[in-house]
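The values are calculated or read from the model by the stated rules, or taken from the named source; none is laboratory data. Quick caveat: nothing in here was measured; it's all calculated off a predicted structure. Reconstructed Cβ throughout: ideal geometry from the backbone, glycine too, with neighbour counts over all protein chains shown. In case anyone asks, the SASA skips ligands and DNA or RNA and just uses the protein heavy atoms, side chains included. Shrake-Rupley method; radii C 1.70, N 1.55, O 1.52, S 1.80 Å.
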Amino acid sequence: MKKVHPDPKAALDGLLHDGMTIMAGGFGLCGIPDELIAAIQASGVKDLTVISNNAGVDGVGLGKLLETRQIRKMISSYVGENKEFARQYLGGELEIEFNPQGTLAERIRAGGAGIPAFYTKTGYGTQVAEGKETKEFDGHHYVMERGLFADLAIVHAYQGDTEGNLIYRKTARNFNPMMATAAKVTVAQVEHLVQPGELDADFIHTPGIFIKRIIHVPVREKQIEQRTTRKRKDAAPAAAGGGAV
Amino acid sequence: MAWTRDQMAERAAKELQDGFYVNLGIGIPTLVSNYIPDGMTVQLQSENGMLGMGPFPYEGEEDPDLINAGKQTITALPTTSYFSSSDSFGMIRGGHINLSILGAMQVAQNGDLANWMIPGKMVKGMGGAMDLVAGVKKVVVVMEHVAKNKDGSESAKLLKSCDLPLTGTQVVDMVITDLGVFTIDKHGEGGMTLVELADGVTEGEIKAKTEGAFAVALR
């Protein structure tokens, strides 16, 4: 069975239908399957539920599908950088289900691992827990969260072989490995497509069993959301903290 | 004289210990990385999937595949490791991160925290904040003591109970403001205690600007 397809359109052929649920990897604009998102936009498929940590920025990443109103609902943890998103949401055109980032990651991991639900401390006593079952274990309170499984997952990797084994690069890994496991069909776009045996089997992040289709995307300029630098003459290291979001 | 943002960050850095794994939020908490004492080894975690976060890159060396949770370009260190979001939150939820320092809109005297949404305003989402406060061993909030309203008035942020939607219940261990430092006995009955005053700040000024009840045990 050939997993390699010539282009994004061919890789998505027969997989798209209105009202479907799609998982899209990436954190901000880092590690997003942008070529596959563009092909979904071109297909015109609509009423999508999209599971993705963020919603891209205006005109980039999932921002493309928002511009064309192809998304009906987002399941995300943070959507701060997208004006079109805010406009549609405040206008009642777009539904959003906020999940704590770790709960979202674990729901996807669980969905891919055949775990229908799990308990977490995260969100106990907050809006997130409303309407959900809670349980006490060893004196601590937990909220039950359900696993997530999509019709289609689209992921971005640095290297892949024709069997679908994937290796991600740096923080572009993020949600991609779990999403690859949590859909009926997963399509991967890779920057470098190689033959079996060329990847070190000890360092494969996503085994090929999870990848049904794969495409090679040409290496091009990747987008940066917040370009932060320090001056070379700086002796002291500049702050580079993480974020609560 | 109330503390500046940098002085608040410097005070927060005193909560660091050698060997700690630490997650820093956006804003003043980010500045804490400038005050890690010489000779102390602290690994910074970025919840998008990295331990051992380095400083911002030199101009021209930005890597789009290497960002922190604020989506800023950063660098790696010799100690760096990368991992998935589920592994990242596994170490957060599993209690493996020693310290989380983050900002807040409101904190209640029992340790309840509100920092993710204001009803009626555009909600951006909680990101990883709910997971961090639920899972990290010690949670330190760094924030201005009062909120300044548009009409020039001030609202207390240290409250009896939060009126904004919560990020977590009974999660905050310590609050560092521009006026002083409070500890909170989040699992017990000890409540909130004022333990330090910023230079030149009086107990009376703090009393006037704090709605929540607190004991005083200056050290």
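So with the 1.4 Å probe, I'd like the accessible area per residue for the protein assembly as shown, rounded to whole Å².
Per residue, the protein assembly as shown has 41 Å² of solvent-accessible surface.
Could you work out, residue by residue across B:72-78, how many beta carbons of other chains sit within 10 Å of that residue's beta carbon, and then give the average as an integer?
5
Provide the descending list of Cα extents for the range A:95-165 along its principal axes, expressed in whole angstroms.
49, 32, 20
Could you tell me which of A:TYR168, A:GLY102, A:GLY112 has its Cα farthest along the dipole of chain A towards the positive end, charges placed at Cβ (Lys, Arg +1; Asp, Glu -1), taken about the Cα centre?
A:TYR168
Just to be sure I understand: of the beta bridges DSSP finds with both ends in the protein assembly as shown, what percent are antiparallel, rounded to 5?
Of those bridges, close to 40 percent are antiparallel.
Listed here are the pairs B:LYS121/B:LYS150; A:LYS9/A:LYS212; B:LYS186/B:LYS207; A:LYS83/B:LYS148; which of them are more than 19 Å apart at the Cα?
Pairs exceeding the cut-off: B:LYS186/B:LYS207; A:LYS83/B:LYS148.
So what is the relative contact order for chain B, in percent, with contacts set as C-alpha pairs under 8 Å and at least six apart?
19 percent
Roughly how large is the A-B contact in terms of buried accessible area, totalled over both chains, probe 1.4 Å, nearest 100 Å²?
When A and B are taken together, about 5400 Å² of accessible area is lost.
Which loop-located GluC sites (Glu not before Pro) does the range A:63-115 contain, where loop means any DSSP state but H, G, I, E or B and the Cβ has at most 13 other Cβ atoms within 10 Å?
A:GLU93
Of the beta bridges DSSP finds with both residues in the range A:1-93, what % are antiparallel, to the nearest 5?
Here the antiparallel bridges make up roughly 20 percent for the range A:1-93.
What is the packing order of peptides A:171-177, B:138-144, taking the mean over residues of other C-beta atoms within 10 Å and listing the highest first?
Highest to lowest by the protection proxy: A:171-177, B:138-144.
Students often forget the sequence filter, so: which aspartates and glutamates lie under 13 Å Cα-Cα from A:LYS135 once same-chain residues fewer than 8 apart are removed?
Reachable aspartates and glutamates: A:GLU145.
For the range A:1-131, which whole-number percentage of the solvent-accessible area (1.4 Å probe, protein heavy atoms only) is attributable to carbon and sulfur atoms?
Roughly 49 percent of what the probe reaches on the range A:1-131 is carbon or sulfur.
If the viscosity is 1.306 mPa s and the temperature 10 °C, what Stokes-Einstein diffusion coefficient in µm²/s follows for the protein assembly as shown when Rh is the Kirkwood radius over Cα pairs?
69 µm²/s
Can you give the mean number of other chain Cβ atoms that lie within 10 Å of the Cβ atoms in peptide B:27-38?
Per-residue shielding by partner chains comes out at 3.
Which shape class applies to the range A:120-245: rounded if a/c is under 1.5, otherwise prolate when a/b exceeds b/c and oblate if not, where a ≥ b ≥ c are the square roots of the Cα gyration tensor eigenvalues?
oblate
Using the Karplus curve 6.51 cos²θ - 1.76 cosθ + 1.60 with θ = phi - 60°, work out ³J(HN,Hα) for each residue of the range A:52-58 in order, rounded to whole Hz, and write x for Gly and Pro.
For the range A:52-58, the Karplus curve yields 7, 4, 10, 10, x, 10, 4 Hz.
Provide B:TYR58, A:TYR168 ordered by accessible surface of protein heavy atoms (probe 1.4 Å), highest first.
B:TYR58, A:TYR168
Quick one: of the DSSP bridges fully inside chain B, what percent are antiparallel, nearest 5?
Antiparallel bridges: around 55 percent, rounded to the nearest 5.
Under the classification rounded if a/c is under 1.5, otherwise prolate if a/b is larger than b/c and oblate if not, where does chain A fall, given a ≥ b ≥ c as square roots of the Cα gyration tensor eigenvalues?
rounded
Take the eigenvalues of the Cα gyration tensor for the range A:11-109, scale each by 5, and report the square roots as semi-axes in whole Å, largest first.
18, 16, 13
Between rounded, prolate and oblate, where does the range B:151-204 land on the alpha carbon gyration tensor, with a ≥ b ≥ c its root eigenvalues, rounded for a/c under 1.5, else prolate if a/b exceeds b/c?
oblate
Translational diffusion coefficient of the range A:191-236 at 4 °C, 1.567 mPa s, Stokes-Einstein with Kirkwood Rh over Cα pairs, in µm²/s as a whole number.
87 µm²/s
If I ignore ligands, DNA and RNA and count only protein heavy atoms, how much of B:ILE118 is accessible to a 1.4 Å probe, in Å² to the nearest 10?
Near enough 60 Å² of accessible area.
Stokes-Einstein diffusion coefficient for the range B:9-100 at 4 °C in a medium of 1.567 mPa s, Rh from the Kirkwood formula over Cα pairs: what value in µm²/s?
96 µm²/s
Just checking the output field for B:42-51: average partner chain Cβ neighbours within 10 Å of each residue's Cβ?
What the average comes to for B:42-51 is 5.
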